[in-house]
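**Q** A single structure is presented below for examination.
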Amino acid sequence: MLAAATTPAFGAPSWTDYARRFTGESEKVREDAIQALKKDPELKVQLKKSLGKRDHFLALDVISVLQMRSMIPDLLTFSEKDKTGYSIHVLSSLIETKDNDRIGQIYLDRLDSPKTSPAAKMAMLDAAARMEITLGPERTERLLREESPEVRSSVLSLYRTELLRRNYHRGLNVIEKTILDPAFQIRMQTLFLISELPGSIRRANLSLVDGVLERCKNDSMPQVKALCESVMKAEAGT
């Protein structure tokens, strides 16, 4: 049995020893470690105890590599207080389509909470794109007021996914706000989005797009100004 937290002097390796063999070893050593962990009847108990403790990240690696869907409830509980967002990424590797509605609603509720860390929000927004979770206009606008520019950027990335990949038609009013974002990277991200717009969406929102481009042509950042001019020239040629 592999229940010990550390390797005894003259005993069998612990689950942490096997977990460390996932990287930097031959494929055979890695596969042998995986098989040994799968046979451990106490593994789930040990992993649950390790969440948030010294071997936290090793535990998450094991859960992900072994695709332990039975740990989803434990990860959901722990991830509510996880400031790193890493447990959300591991959850994403375990989620199946049938989980989307239930877990998606949990993510939406946590995105609304001021207690959720920026890193966790970024991880959930990344998951939302793959799970086809729709934020809706009000939540989108609220998240675009987040203090963290990384969160705002993740919101804009999800908006792009909704608009371009999922053909989720709604107003382009979001880009009127993001073109004025304090972070110049988000202003550039907005311009890249405009450059990707299909002709049908662009024509349906012509005055709005033109207004956004007017706002950026005198941007204080040379990179934004140059990209704005490039997009305007491309617009004029369509």
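The values are calculated or read from the model by the stated rules, or taken from the named source; none is laboratory data. Please read all numbers here as calculations on a predicted model, not as lab measurements. Cβ coordinates were reconstructed from backbone atoms using ideal geometry, including for glycine residues, and neighbour counts include every protein chain displayed.
**Q** Looking at region 90-139, which of its residues are basic (Lys, Arg) and either in contact with a strand residue (DSSP E or B) (Cβ under 8 Å, 6 or more places away or on another chain) or within 22 Å of residue 66 (Cα to Cα) (or both)?
**A** If the condition is that a residue be basic (Lys, Arg) and either in contact with a strand residue (DSSP E or B) (Cβ under 8 Å, 6 or more places away or on another chain) or within 22 Å of residue 66 (Cα to Cα) (or both), then 98, 130 are the ones that fit.
**Q** Residue by residue through region 107-133, note down the ones that are of a type in the set (Ser, Thr, Tyr) and either under 14 Å from the mean Cα position of the chain (by Cα) or assigned to a helix (DSSP H, G or I) (or both).
**A** Selection gives 107, 116, 117.
**Q** Just give me the residues in region 29-44 being in contact (Cβ under 8 Å) with a residue 40 or more places away in the chain and hydrophobic (A, V, I, L, M, F, W, C), in sequence order.
**A** 43
**Q** Just to be sure, is residue 83 surrounded by fewer than 18 Cβ atoms within 10 Å (Cβ to Cβ) and out of contact with any helix residue (DSSP H, G or I) (no Cβ under 8 Å at 6 or more places or on another chain)?
**A** Criteria not met by residue 83.
**Q** Here is a follow-up. Considering 82, 112, 32, which residue is more than 27 Å from residue 152 (Cβ to Cβ) and of a type in the set (Asp, Glu)?
**A** None of the others qualify; the one that does is 32.
**Q** With 230, 157, 195, 153 as the choices, which residue is over 25 Å from residue 133 (Cα atoms), of a type in the set (Ser, Thr, Tyr) and out of contact with any Gly (no Cβ under 7 Å at 6 or more places or on another chain)?
**A** 230
**Q** Could you tell me how many of the residues in region 7-60 are in a helix (DSSP H, G or I), closer than 21 Å to residue 74 by Cα and in contact with a Ser or Thr (Cβ under 8 Å, 6 or more places away or on another chain)?
**A** Number satisfying all stated conditions: 6.
Here's the yes/no breakdown for (1) modelled with pLDDT under 90; (2) surrounded by 18 or more Cβ atoms within 10 Å (Cβ to Cβ):
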position: 205; (1), (2): yes, yes
position: 208; (1), (2): no, no
position: 223; (1), (2): no, no
position: 235; (1), (2): yes, no
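**Q** Related question: Could you tell me which residue of region 68-102 is farthest from residue 52 (Cα to Cα), considering only residues that are of a type in the set (A, V, I, L, M) and assigned to a helix (DSSP H, G or I)?
**A** Once the filter is applied, the top-ranked residue is 94.
**Q** Okay, next question. Can you name every residue in region 96-147 that is farther than 22 Å from residue 72 by Cβ and either in contact with a Gly (Cβ under 7 Å, 6 or more places away or on another chain) or exposed (fewer than 14 other Cβ atoms within 10 Å of the Cβ) (or both)?
**A** Result: 114, 136, 137, 138, 145, 147.
**Q** Here is a further query. Just name the residue that is farthest from the chain's Cα centre (by Cα) out of those in region 134-154 that are farther than 20 Å from residue 188 by Cβ and of a type outside the set (D, E, K, R).
**A** 137
**Q** Another question, then. Select from region 200-224 the residues that are part of a helix (DSSP H, G or I), under 14 Å from residue 172 (Cβ atoms) and not hydrophobic (A, V, I, L, M, F, W, C) and list them in ascending order. Talk me through it step by step, then tell me what you get.
**A** Here is the first cut: in region 200-224, the residues part of a helix (DSSP H, G or I) are 200-204, 206-216, 222-224.
So of that shortlist, the ones also under 14 Å from residue 172 (Cβ atoms) come out as 200-204, 206-213, 215.
Passing the criteria: 200, 202, 203, 207, 210, 211, 215.
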